[in-house]
Amino acid sequence: MLCARCVSGNRVEFPSEIAIHFSGRENLAKPHVFVFSKVIVRLDCGFSRVAVAETDLRLLREGIKSSSAA
Ligand SMILES: [Zn+2]
């Protein structure tokens, strides 16, 4: 599949761990969500893609809900 940004096919999949933080001062004390996923990196332009697992999506949704409820 070609890159939507630069139309290159030069991509590599890497295992990764990503800490996703909730934005805003009100969330400074809130723990981040660690996502362990594969990331596909376009080596020509840096455009990357990550798929977040459903269990991690649930944690992100719950974190956003608790932010808007505060
Ligand atoms: Zn690209």
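FYI, it's all coordinate maths here, none of it is from the lab. As the structure is a prediction and not an experimental result, all values here were calculated from the model. Using ideal geometry, Cβ is built from the backbone for each residue, glycine included, and neighbour counts are taken over all protein chains shown.
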Review point. If you place +1 on the Cβ of every Lys and Arg and -1 on the Cβ of every Asp and Glu, how big does the dipole about the Cα centre of the chain come out, in debye to the nearest 20?
Key: 160
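What's the extension gain from Phe34 to Leu2 if we count 0.36 nm per residue and subtract their Cα-Cα distance?
Details: separation 32, 0.36 × 32 = 11.52 nm, distance 2.89 nm.
Length difference between fully extended and current span is 8.6 nm.
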Check your understanding: Between Thr55 and Ser68, what length in nm is gained on full extension when 0.36 nm per residue of separation is reduced by their alpha carbon distance?
Key -> 2.6 nm
Review point. Taking only Cα atoms, what is the 0 to 90° angle, nearest 10, from helix 54-69's long axis to the longest principal axis of the chain?
Key: 40
Study note, to complete from the structure: So, relative contact order of the range 11-69 in percent, Cα under 8 Å, 6 or more apart, is 33
**Study point:** Intensity falloff of the chain expressed as log10 I(q)/I(0), Debye formula with alpha-carbon point scatterers, at q = 0.17, 0.23, 0.27, 0.28 Å⁻¹
**Key:** -0.72, -0.94, -1.10, -1.15
Revision key, fill the gap. From the Cα centre of the range 38-70 to that of the range 1-26, the distance in Å is 10
Study note, to complete from the structure: Per-residue ellipticity at 222 nm attributable to helices in the chain (runs of n ≥ 4 DSSP H, -39500 (n - 2.57) apiece, nearest 500 deg cm²/dmol) works out to -7500 deg cm²/dmol
